[in-house]
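Single-structure report; data block below.
The values are calculated or read from the model by the stated rules, or taken from the named source; none is laboratory data. Remember, predicted model here, so these are calculated numbers, not experimental data. Backbone-built Cβ (ideal geometry, glycine too); neighbour counts: all protein chains shown. Side chains are part of the model used for accessible areas, which takes the heavy atoms of the whole protein and leaves out ligands, DNA and RNA. Shrake-Rupley method; radii C 1.70, N 1.55, O 1.52, S 1.80 Å.
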Amino acid sequence: MAITYRTHMSIIGDILSTARDEVPDESGASITYLIRKANISYARLSKILDTLVSQGLLEQSNSDRACKYRISNRGREFLQAYRGFREFADSFGLRI
């Protein structure tokens, strides 16, 4: 059985999809929730979240209890474009 590794872009896609579709409440997804759903380590997730927030793809809200993340409109546009490109690349047998 061959092991397939996810690309950095596919991990970003998973994080954005989770923040868009699977958020347990309106305030957003917690870091713990994203770690579980995206199946990624805390250290790697933290770096990616910082990038996604600074690029405007995720919105971060802070409360007394935790940081929460929600997908922004720009993040939705990015995710839609990413999925379209991934389908296009797949049609040529390419992995992105």
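Confirm whether Ser27 is under 21 Å from Asp90 (Cα atoms) and either part of a loop (DSSP other than H, G, I, E, B) or of a type in the set (Ser, Thr, Tyr) (or both). Criteria not met by Ser27.
Within segment 30-45, being aliphatic (A, V, I, L, M) and out of contact with any Ser or Thr (no Cβ under 9 Å at 6 or more places or on another chain) holds for Ile40, Ala43, Leu45. Of the candidates Tyr69, Tyr42, the single residue that is open to solvent by 70 Å² or more (accessible area, probe 1.4 Å) and of a type in the set (Phe, Trp, Tyr) is Tyr42.
Screening Arg6, Arg20 for residues that are without any contact (Cβ under 8 Å) to a residue 24 or more places away in the chain and surrounded by 14 or more Cβ atoms within 10 Å (Cβ to Cβ) leaves exactly one candidate, Arg6.
With the condition kept exactly as written, say whether any residue in segment 45-58 is among the β-branched types (Val, Ile, Thr) and over 14 Å from Gly75 (Cβ atoms). No.
In this structure, is Ala81 open to solvent by 50 Å² or more (accessible area, probe 1.4 Å), modelled with pLDDT under 95 and out of contact with any Leu (no Cβ under 7 Å at 6 or more places or on another chain)?
Spelling it out, it is not the case that Ala81 is open to solvent by 50 Å² or more (accessible area, probe 1.4 Å), modelled with pLDDT under 95 and out of contact with any Leu (no Cβ under 7 Å at 6 or more places or on another chain).
Of everything listed in (1) modelled with pLDDT of 95 or more; (2) out of contact with any Phe, Trp or Tyr (no Cβ under 9 Å at 6 or more places or on another chain); (3) open to solvent by less than 30 Å² (accessible area, probe 1.4 Å), the single unmet condition for Leu49 is (2).
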